[in-house]
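*Asks:* Okay, handing you the structure first.
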Amino acid sequence: MRELHDRYFRQAKREGKLARSYYKLAAIDRREKLFTPQVKNIIDLGAAPGSWLEYVLEQPASRVVCAADLKVIAKKFKPSVHFIQRDINDLPLDAFAPFCDKFDLVLSDMAPNTTGVKIVDQARSLELCEVAARFAAQNLRAGGAFVAKIFAGEATPDFVARLRTHFAEVKTYKPDASRDESFEFYVIGKDFQGINN
Ligand SMILES: C[S@@+](CC[C@H](N)C(=O)[O-])C[C@H]1O[C@@H](n2cnc3c(N)ncnc32)[C@H](O)[C@@H]1O
């Protein structure tokens, strides 16, 4: 589906978006209705170059927007975006506490640098998802939602099953803008049940 990939790439150029990833979040949102008027405090893990942030900032209810990535984000977003450049593995769970008590939505589009060795890439992707899920468990308000990119692998069903113990509803989805040949998909957890569940 190279043609579809190119279509989203061209659309991003035409519409001035930083990356075609924008259309992945847009598709997840169309399907899952993530950005309700109650969703005001949002964090984006693995946010560079910033196309998910572009989408988040277009949502009328967005109030506190936080982001983290290993890489710097070159685009100058409004000062209300709190960005920390850090490896997620070294990011304290309360790193964003000065800006926000609890988040309504935790997003992670983090992906490891791929090696081409499928099993290695899957394991690294899973590690990033585990860290993102720990961050979400600590920082989501009850009822909040979590979205994470994962490279499908043998251990994926176990990760999804564990999420089901924390969220009332857990789904998986591969948006059109995600290349067919890529083994990435998104896991979406809704209605967070709280950390003690
Ligand atoms: C697919 S890109 C994210 C694209 C972004 N959602 C957008 O729309 O612009 C994946 C990002 O994950 C980040 N990443 C990978 N490993 C990370 C880590 N250990 N800590 C923080 N960020 C990480 C990468 O630096 C990269 O910017």
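Bear in mind that the values in this text are calculations on the coordinates, not laboratory data. Everything numeric in this text was worked out from a predicted model, so none of it was measured. Backbone-built Cβ (ideal geometry, glycine too); neighbour counts: all protein chains shown.
*Asks:* Could you tell me what fraction of 2.2 N^0.38 Å the Cα radius of gyration of the chain comes to, as a two-decimal ratio?
*Replies:* Numbers: Rg = 15.7 Å, N = 197, 2.2 N^0.38 = 16.4 Å.
So the Cα radius of gyration is 0.96 times the expected 2.2 N^0.38 Å.
*Asks:* With a 10 Å radius around each residue's Cβ, average the other Cβ atoms per peptide and rank 135-143, 25-33, highest first.
*Replies:* 135-143, 25-33
*Asks:* Using DSSP H assignments, which helices in the chain have an axial alpha-carbon span of 27 Å or above and a mean Kyte-Doolittle hydropathy of -1.0 or higher?
*Replies:* 118-139
*Asks:* Same structure, new question: Report, as a whole number in µm² per second, the diffusion coefficient that Stokes-Einstein gives for the stretch 149-197 at 25 °C and 0.890 mPa s using the Kirkwood radius over alpha carbon pairs.
*Replies:* Once the numbers are plugged in, D ends up at 211 µm²/s.
*Asks:* Rg and Dmax of the stretch 51-151, using alpha carbons, in Å: what are they?
*Replies:* Here Rg and the maximum Cα pair distance are 14.0, 41 Å.
*Asks:* Report, in deg cm²/dmol and to the nearest 500, the calculated mean residue ellipticity at 222 nm for the chain, where each DSSP H run with n ≥ 4 adds -39500 (n - 2.57) and the sum is divided by the residue count.
*Replies:* For the chain, the value works out to -10500 deg cm²/dmol.
*Asks:* Still on this structure, I have one more. Return the distance in nm (one decimal) between the two label points of a simple spin-label model at residue 85 and residue 173, each offset 7 Å from Cα along Cα→Cβ.
*Replies:* 3.3
*Asks:* With 10 angstrom as the radius, rank 80, 62 by how many other C-beta atoms surround their C-beta, starting from the fewest.
*Replies:* The most exposed by this proxy come first: 80, 62.
*Asks:* Then there's this: List the lysines whose Cα lies under 26 Å from the Cα of residue 40, skipping any in the same chain that are fewer than 8 positions away.
*Replies:* 17, 24, 71, 75, 76, 78, 102, 149, 171, 174, 190
*Asks:* In addition: Which residue, 16, 153, 116, tops the fluctuation ranking in a GNM of the chain built on C-alpha contacts under 10 Å?
*Replies:* 116
*Asks:* Just the Cα atoms of the stretch 36-88: what Rg and Dmax do they give in Å?
*Replies:* Answer for the stretch 36-88, Rg first and Dmax second: 10.5, 31 Å.
*Asks:* Considering only the other residues whose Cβ falls under 11 Å of the Cβ of residue 106, what net charge follows from Lys and Arg at +1 and Asp and Glu at -1?
*Replies:* Counting the neighbours of residue 106, the net charge comes to +1.
*Asks:* Please report, to one decimal in angstroms, the Kirkwood hydrodynamic radius of the stretch 1-89 built from all distinct Cα-Cα pairs. Present the calculation step by step, with values, prior to reporting the outcome.
*Replies:* On the way: mean 1/r = 0.0725 Å⁻¹.
Answer for the stretch 1-89: a Kirkwood hydrodynamic radius of 13.8 Å.
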